[in-house]
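Okay, structure first, notes after.
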Amino acid sequence: MIESGEILMLTQENRADVERYFQKHLPPTGSVRLLTFASKKDRLSCVYCEDVKQLAEELAELSHGRVSAEHHWVEDSPEVVERLKVRQTPATVVTNGESSLALKFYGLPGGYEFTALLEDIVDAMGGPSRLGSDTVAALQNLAAPARIQVFVTPTCPYCPRAVRMAHQFSLSNPTMIDAEMVESMEFPELANQYSVMAVPKVVVNDRIDFEGALPESEFLEQVLAAARSP
């Protein structure tokens with residue numbers, strides 16, 4: 001594991017807001033783990049690796065024991081990396097201890113994406129489902145696995161809706177649905193690979209892609225189509 005940092009990520013005002021948010025929205029029972037990942041080979045060049053780690057620690061502190069933070073070098077934790085399908089670093093993974101649940105943020109979940117991270121923590125702790133019953137039923141009967149990549153930028157106000165939709169889909173069937181936020185500016189090679197010209201851009205199974213924060217029913221149609229494609 002990575003040693004703890006010292007510089008605070010959140011301002012005192014932010015910390016008070018987060019603490020109130022947790023007090024109001026966290027379910028009465030349950031817990032969540034925030035796992036962060038970095039690579040030793042990038043330890044000198046990774047701009048946000050320390051920030052990702054420190055943010056997780058501060059959120060754990062503000063949750064008063066409901067959230068725990070764990071920090072891993074990918075080289076030292078191959079079993080965890082493989083189980084959670086961690087493909088990029090720096091990464092933040094929200095999990096509730098179930099081996100298959102891994103709501104992933106590649107890059108610093110800052111700007112508008114910070115709210116998505118907080119809401120993911122509530123959902124992973126057992127908050128009420130935000131999806132319609134028909135959507136949940138369709139996802140639980142998915143014909144094939146689906147990997148959903150959502151490319152974002154921190155200043156995009158519409159991106160968290162797409163990230164949250166992908167993560168809620170994964171919560172409904174974590175074994176079959178792998179959902180990832182990708183911060184485009186931190187991963188320019190990936191953004192170029194997938195021709196990201198506008199955000200949010202969603203890529204499902206490298207077969208179907210679309211731009212914009214689609215409504216739930218249309219988002220579901222795209223995921224189902226990608227799962228059916230050969």
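Between the alpha-carbon centres of region 123-139 and region 44-122 there is a gap of 22 Å.
Of all DSSP-defined beta bridges confined to region 1-128, some 55% are antiparallel rather than parallel.
What does the charge count near residue 105 come to, summing +1 for each Lys or Arg and -1 for each Asp or Glu among other residues with Cβ under 10 Å from its Cβ?
Charge balance near residue 105 sits at -3.
Are there GluC sites (Glu not before Pro) in region 78-163 that DSSP marks as loop and that have at most 16 other Cβ atoms within 10 Å, and which are they? Counting only loop positions with at most 16 other Cβ atoms within 10 Å, the GluC sites (Glu not before Pro) in region 78-163 are 98. If the elastic network links every pair of Cα atoms under 10 Å, which of 215, 154, 200 fluctuates the most in the Gaussian network model of the chain? Result for the chain, Cα springs under 10 Å: 215 fluctuates most. Taking 0.36 nm per residue of separation and subtracting the current Cα-Cα distance, fully stretching the chain between residue 133 and residue 75 would add 16.8 nm. Scalar couplings 3J(HN,Hα) for region 201-213, obtained by applying the Karplus form with A = 6.51, B = -1.76, C = 1.60 to θ = phi - 60°, are 10, 10, 10, 10, 6, 6, 10, 10, 9, 7, 10, x, 8 Hz; x denotes Gly and Pro. When the chain is treated as a Gaussian network with alpha carbon springs shorter than 10 Å, the biggest mean-square fluctuation among 161, 20, 147 belongs to 20. Only lysine pairs 8 or more places apart, or on different chains, with alpha-carbon atoms under 28 angstrom apart are counted in the chain, and they number 14. Highest GNM mean-square fluctuation among 12, 168, 88, for the chain modelled with Cα contacts below 10 Å: 12. Within the shell of other residues whose beta carbon sits under 13 angstrom from the beta carbon of residue 200, the net charge comes to -2, with Lys and Arg scored +1 and Asp and Glu -1.
Here the chain carries DSSP beta bridges of which approximately 50% are antiparallel, counting only pairs with both residues inside. Using 0.36 nm per residue and subtracting the Cα-Cα separation, the extra length available between residue 44 and residue 140 on full extension is 30.3 nm. Remark on residue 177: its backbone amide H falls under 5 Å from those of 146, a criterion applied only to residues 5 or more positions apart or on other chains, H modelled at 1.01 Å from N. 3J(HN,Hα) along region 97-104, derived from phi through the Karplus expression 6.51 cos²θ - 1.76 cosθ + 1.60 where θ = phi - 60°, amounts to x, 5, 4, 9, 7, 7, 8, 9 Hz, with x in place of Gly and Pro.
Each reported figure results from applying straightforward, stated rules to the coordinates on display, with no laboratory input. Only a predicted model underlies this, so the values are computations on that prediction, with no experimental measurement involved. Because the Cβ atoms are built from the backbone with ideal geometry, glycine has one as well, and the counts that use them run over all protein chains shown.
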